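Heads up: the structure comes next, in structure tokens.
The values are calculated or read from the model by the stated rules, or taken from the named source; none is laboratory data. This one's a predicted model, so the numbers in the text were calculated from it and none came from an experiment. Counting neighbours? That spans all protein chains shown, and the Cβs are built from the backbone with ideal geometry, glycine included. Ligands, DNA and RNA are excluded from the accessible area calculation, which covers all protein heavy atoms including side chains. Shrake-Rupley method; radii C 1.70, N 1.55, O 1.52, S 1.80 Å.
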Amino acid sequence: MCCWCCCLDCIHNIPPLNLLFLHFSPHSLSSSAASAGGGEAAAVAPMASISVPNPAPSPTEDAESIRKAVQGWGTDENALIEILGHRTAAQRAEIAIAYEGLYDEALLDRLHSELSGDFRSALMLWTMDPAARDAKLANEALKKKKKGELRHIWVLVEVACASSPDHLVAVRKAYRAAYASSLEEDVASCAQFGDPLRRFLVRLVSSYRYVGGVGGGVDGELAIAETAELHDAVVGRGQALHGDVVRVVGTRSKAQVAATLERYRQEHGKGIDEVLDGRRGDQLAAVLKAALWCLTSPEKHFAEVIRTSILGLGTDEEMLTRGIVSRAEVDMEKVKEEYKVRYNTTVTADVRGDTSGYYMNTLLTLVGPEK
């Protein structure tokens, strides 16, 4: 049985999509209102790379168009990409509800039966509710055979740190509904991880970070104190990163972490991420760097995810798909700009060079045009 077959069985246990996607971003409520009515412009995050038609067809019209694309002797893959690739999470949720109501089958089930390969994986991941998607990605990362491989640990860090606190709560709810266990318990019991990495990851996925009001509720005195604690922890190459690091990075608000990192740069003339890069072979240091980037500058982390996926002898399609699908509605424009500056090429050029067919077309639709 393929991983998607197992996943579909689990997804059917998750509450209705339109209840979960509301946690995805501050824009989801307005997206929901727009898509439910049909024909109105859906709210898209300012740095998202997807384009949405205005006016957009109603969910029922989209569901009928999808049905036409999957009926008959062949599947109209381009039509599926054109419809689903140009709709927000809220709109896709409404389309899925409309499709199941009209045809008495789940949209994801139909996509699974009609498509194959990396194209199927990409389009299904994109069509999923974002919280259910992250729950699936986390569960798959925990099941990987290779012990403690950084690219799998990255998934857990991204789920915990790269989105809003409410989204992480929604992921935990979706995870429990799909897999009859808690994300926190599964991370704590995963044989891939040893301490102190295990404790750090459990802290990350268990957290609910304070968002704060104007200014993010930053405490300047706390930033000064915790800058000193972080410096003491990371400069000693021969010593393990201790509990202060886990506590600071695992619990503070994003604004507070950003203030501490800025204070660190001012005091020491370099970023703490540069110091962590110097701890070669220290897995916790590498994970800590990923967490700091996801909390304060997620575009840096996801530019690295995409670049890492295409380097070497073969393309890591799972990583490439995850990097693009998870950020297309959030900040892909910032990821693309960061990518261009750091690697002297574009996401579009590298996707074209390492993928093909409908899979490539799906990714390029989500990436959008380069500016």
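For the reader, a short list of remarks on this structure follows.
- The stretch 98-121 - residue that is assigned to a loop (DSSP other than H, G, I, E, B) and among the aliphatic types (A, V, I, L, M) and, of those, farthest from Val351 (Cα to Cα): Ala106
- Residue in the stretch 69-76 that is assigned to a helix (DSSP H, G or I) and more than 30 Å from Trp293 (Cα to Cα) present: yes
- Taking each residue of the stretch 291-317 that is farther than 25 Å from Leu168 by Cα and acidic (Asp, Glu) and looking for partners that are assigned to a helix (DSSP H, G or I) and at pLDDT 95 or above with beta-carbon atoms closer than 7 Å, six or more apart or interchain, yields Asp316/Ser309.
- Pair list, Cβ < 9 Å and 6+ apart or interchain, from the stretch 180-197 residues that are farther than 17 Å from Lys144 by Cα and among the small types (Gly, Ala, Ser) to residues that are open to solvent by 50 Å² or more (accessible area, probe 1.4 Å) and assigned to a loop (DSSP other than H, G, I, E, B): Ala180/Asn13
- The stretch 136-160 residues that are in contact (Cβ under 8 Å) with a residue 24 or more places away in the chain, paired with ones that are outside any helix (DSSP H, G or I) and not aromatic (Phe, Trp, Tyr) (beta carbon under 6 Å, 6 or more apart): Leu142/Cys190; Lys147/Gln192; Gly148/Gln192; His152/Lys144
- Residue ranges of helices (runs of 4 or more DSSP H) in the stretch 275-343 with at least 3 members closer than 17 Å to Glu149 by Cα and touching a helix residue (DSSP H, G or I) at 6+ places or on another chain (Cβ under 9 Å): 283-296, 298-310, 317-325
- Members of the stretch 256-274 that are small (Gly, Ala, Ser) and either assigned to a helix (DSSP H, G or I) or open to solvent by 40 Å² or more (accessible area, probe 1.4 Å) (or both): Ala258, Ala259, Gly269
- Failed condition for Ile306, given (1) under 30 Å from Asp129 (Cα atoms); (2) modelled with pLDDT under 95; (3) surrounded by 20 or more Cβ atoms within 10 Å (Cβ to Cβ); (4) of a type in the set (Val, Ile, Thr): (2)
- Residues satisfying the stated conditions in the stretch 42-80, i.e. surrounded by 14 or more Cβ atoms within 10 Å (Cβ to Cβ), closer than 17 Å to Ala98 by Cβ and among the polar types (S, T, N, Q): Ser58, Thr60, Ser65
- Pairs meeting the criteria (first residue in the stretch 202-222 and surrounded by 13 or more Cβ atoms within 10 Å (Cβ to Cβ), second residue modelled with pLDDT of 80 or more and among the acidic types (Asp, Glu), beta carbons under 8 Å, at least 6 apart or on different chains) are Val202/Glu184; Val205/Glu184; Ser206/Glu184.
- Any hit, the stretch 87-97, residues being at pLDDT 90 or above, open to solvent by less than 50 Å² (accessible area, probe 1.4 Å), closer than 27 Å to Ala178 by Cβ and not in a helix (DSSP H, G or I): yes
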